[in-house]
Amino acid sequence: MRFRTTLIASGLAGGVAVILLGVGINALGNGPLAIDTWWHDLMLTWRTESWLAVALAFDVVGGVTAMTVIGIVIVVGFLAARRPWDALTVTAAMLTSQAITGVLKVSFARPRPPDSLVTDAMTSFPSGHTTLAATVMVVLALLIRADAMWLAAVLWVMAMAWSRTYLSAHWLTDVSAGAVLGASVAVLVWAVIADLRRAVQQHALIAANDLSAT
């Protein structure tokens, strides 16, 4: 119970922190902060053709089309394993993540770095690739409950965040916000679905007991 309470509190705090960060950036002119400029210049200094190829691969894998396919595979896998509630959790988390990201992108309308190497239709804050990566990986870690899954989640989200700044598609604060937002959405959706599952199971148990008593 304490673990669940801590996660929910962290998820709520994370969501609020992302919104406050977006408001702060917008109030300061919606451009890059000092740390954004520093990291952006560092990525340019370290840029090589080999690492660009890696970053571009992450761009494709982390895009909406590829992640939709990956999400469907995950959902089908859970259904095949007779874990429908887990399938529902993944679906709800991904849809919620995409919806919130879209709203925040339109609301804050932060311009992307001018030298972005990839073309994206929407604006910069938060990073959609990083948000979705964090959502999927954290929700899987919560469902699978293995240390290796948590490690994979951290490494994958960090790699996705790096790739977005390496391609100059986002500022550092964009990907940081995306990681926090994605993890927060995953935690909160997981908690809501878990509560719904318990309520449905309890209702079914009560109904079964009432039926057997008659």
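Points worth noting:
- Euclidean distance of C-alpha centroids, region 10-43 and region 73-113, integer Å: 22
- Sorting 124-130, 61-67 by average packing, meaning the other beta carbons within 10 Å per residue, from highest down gives 124-130, 61-67.
- Cβ-derived FRET efficiency at R0 22 Å, V16 paired with W85, nearest 0.05: 0.20
- Projected label distance in nm at D41 and A152, using a 7 Å step from Cα toward the beta-carbon: 3.9
- Net charge of the neighbourhood of S10, taken over other residues with C-beta under 14 Å away and scored Lys/Arg +1, Asp/Glu -1, is +2.
- Most to least packed among 96-102, 14-20 [average Cβ atoms within 10 Å]: 96-102, 14-20
- Read-out mean projected area of the Cα convex hull in nm², derived from the coordinates shown; its label in (1) 16.5; (2) 14.0; (3) 11.5: (2)
- Magnitude of the charge dipole for region 2-213, about its Cα centre and with charges confined to Cβ atoms of Lys, Arg (+1) and Asp, Glu (-1), is about 500 debye.
- Residues in region 146-172 that a label on A66 would reach, taking backbone N under 17 Å of a point 7 Å out along Cα→Cβ: 153, 155-170
- For the chain, the 222 nm mean residue ellipticity estimated from helices alone, with every DSSP H stretch of n ≥ 4 adding -39500 (n - 2.57) and the total spread over all residues, rounds to -28000 deg cm²/dmol.
- The slack in the chain from T6 to V73, taken as 0.36 nm per residue of separation less the alpha-carbon distance, amounts to 21.1 nm.
No value in this document is a laboratory result; all are computed from the given coordinates. Predicted model only: the values in this text are computed from it and were never measured. For neighbour counting, all protein chains shown are included, and Cβ atoms are generated from backbone atoms with ideal geometry for every residue, glycine included.
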